[in-house]
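Below is one structure, written out as structure tokens, with a few remarks after it.
Quick note: the coordinates plus some simple rules give every number you see, no bench work behind them. Note that the structure is a prediction, hence the values are computed from the model and not measured. Here the Cβ is made from the backbone with ideal geometry for all residues, glycine too, and neighbour counts use every protein chain on show.
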Amino acid sequence: MANDRRVLIVGGGIGGMVAAVALRRQGNAVHVIEAARREDQLGTGINLQHNALVALQEAGLLEQCKAEGFPWETITNRNGLTGEIISRVDMPWPKRPGVPGAMGIMRTTFAEILAQEALSLGVEITYQTKVASLEQDGTGVTVELTNGVRDRGDVVVSADGAYSQIRRMVFGDEHKLEYAGQGVWRFTVPRPKTLDGFTMFRNPDGKSTGFLPLAPDLAYYFLLESTAEPLRVSADKAADMLSERLSVFEVPEVRDLLPLMYKGWHVSYRPFDVLLMPAPWHKGRVVLLGDAAHSLTPQLTSGGGMAIEDAVVLAQELRDNDDVDDALNAYSVRRQERCGIVYRNSRRICDIEKEGSKDGAEGTRIMVDSFKLLAQDY
Ligand SMILES: Cc1cc2nc3c(=O)[nH]c(=O)nc-3n(C[C@H](O)[C@H](O)[C@H](O)COP(=O)(O)OP(=O)(O)OC[C@H]3O[C@@H](n4cnc5c(N)ncnc54)[C@H](O)[C@@H]3O)c2cc1C
């Protein structure tokens, strides 16, 4: 058992903060170095699958999230013109008692839960700061921060997201993100009371929009768009562009909410940039975690979940191995296959959706199979 290390975590997003909480609970000293300000969190929601919620439970974070989020248990495909149900699947995989099948939550709320828990445990968090230089030797890693502070850790965790600076510094510039040929529009709305699970509205011509609940009174719609190049969307045009795209859905659950886009409800577009890092995910004592190691298309709503699992597994391996290299190696081996499957299955559904699916049958099958697999221990 080794629980007295000093761990420097670069990036205080989902993966970095869950790792901070899990490692600090074990007794390690933890310093999180975050480029943004605490209040700079994105204003939309995230869906956490059962496996992610199990990992949050292990990190001692589930109950706080359950108090704020919206648990759901069904995947429904409905006709986007008539509202008629095309198919409905109740999550057919084994579930841990007390852990919902899945749960939506506002990202801002989730980030605050993580920050509060970390700070109350004694995690040191430095906001608005990056790593200026990094040097490692056989016993640790020394970093110089952009605020002039020097720090030294037994391990540095690169949890600084898809466009990771630390990955570039340590693993080289050759690992590039690839545009997946698709992006997503998102629109936060009051939750229509008729919708209480993951719902896809599908028009007979193959166009679709998806719905996810986030809280009793909040939800969001997403609309996938396939383009050869990422769209350029200026903030003042986003509502017009999305409103036009959603106007082809006639169900009242979509149609009646469109005016809200002009009343300040969050609208955004983001292209999908993907990457799966080859093994191993560590070089010396610097280890990749979350999107820095595997940036997925979001069809399985699992990028955040994989980052949370990474965090919990990394904490387990650092606890169970006296030798840091053994710990990082074991972490990398345990995470590679599982993250690879989620990466490929998400991408496969993305490709199916790019072709346009009227009933969503194949995508739903891959989704259910993936979630069954993810219900097995990480
Ligand atoms: C449209 C869309 C929808 C998604 N929906 C879901 C979903 O429903 N469910 C789900 O599980 N996942 C979803 N994801 C994926 C999920 O958002 C990511 O996988 C998850 O945020 C990854 O967590 P992370 O901690 O690795 O990175 P991030 O959450 O991106 O955190 C990285 C952090 O590092 C900081 N940072 C960046 N650079 C530096 C630097 N140089 N120095 C210091 N700090 C730095 C950033 O400010 C940020 O706080 C979605 C993704 C997209 C694009």
TODO: Among what's in the range 304-331 and is outside any helix (DSSP H, G or I) and among the acidic types (Asp, Glu), pick the residue that is nearest to Gln57 (Cα to Cα).
DONE: Asp322
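Among the listed residues Ser234, Ser243, which satisfies the condition of being assigned to a loop (DSSP other than H, G, I, E, B), surrounded by fewer than 17 Cβ atoms within 10 Å (Cβ to Cβ) and more than 17 Å from the chain's Cα centre (by Cα)? Give the steps one after another, and end with the answer.
Details: Ser243 fails: assigned to a loop (DSSP other than H, G, I, E, B).
Answer to the selection: Ser234.
Please enumerate the residues belonging to the range 77-109 that are β-branched (Val, Ile, Thr) and buried (at least 21 other Cβ atoms within 10 Å of the Cβ).
Ile105
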Open item on the list: Cβ-Cβ under 9 Å, sequence separation 6+ or interchain: first residue in the range 164-179 and within 22 Å of Glu229 (Cα to Cα), partner acidic (Asp, Glu) and more than 9 Å from the ligand (Cβ to nearest atom). Which pairs?
Closed with: Tyr179/Glu229
- [ ] Determine whether the range 295-304 contains at least one residue that is within 16 Å of the ligand (Cβ to nearest atom), more than 20 Å from Ile166 (Cβ to Cβ) and among the hydrophobic types (A, V, I, L, M, F, W, C).
- [x] yes
Open item on the list: Going residue by residue through the range 142-153, is there one that turns out to be within 11 Å of the ligand (Cβ to nearest atom), more than 23 Å from the chain's Cα centre (by Cα), surrounded by fewer than 20 Cβ atoms within 10 Å (Cβ to Cβ) and assigned to a strand (DSSP E or B)?
Closed with: yes
- [ ] Name the one entry in Ala315, Ala330 that is surrounded by 24 or more Cβ atoms within 10 Å (Cβ to Cβ) and not hydroxyl-bearing (Ser, Thr, Tyr).
- [x] Ala315
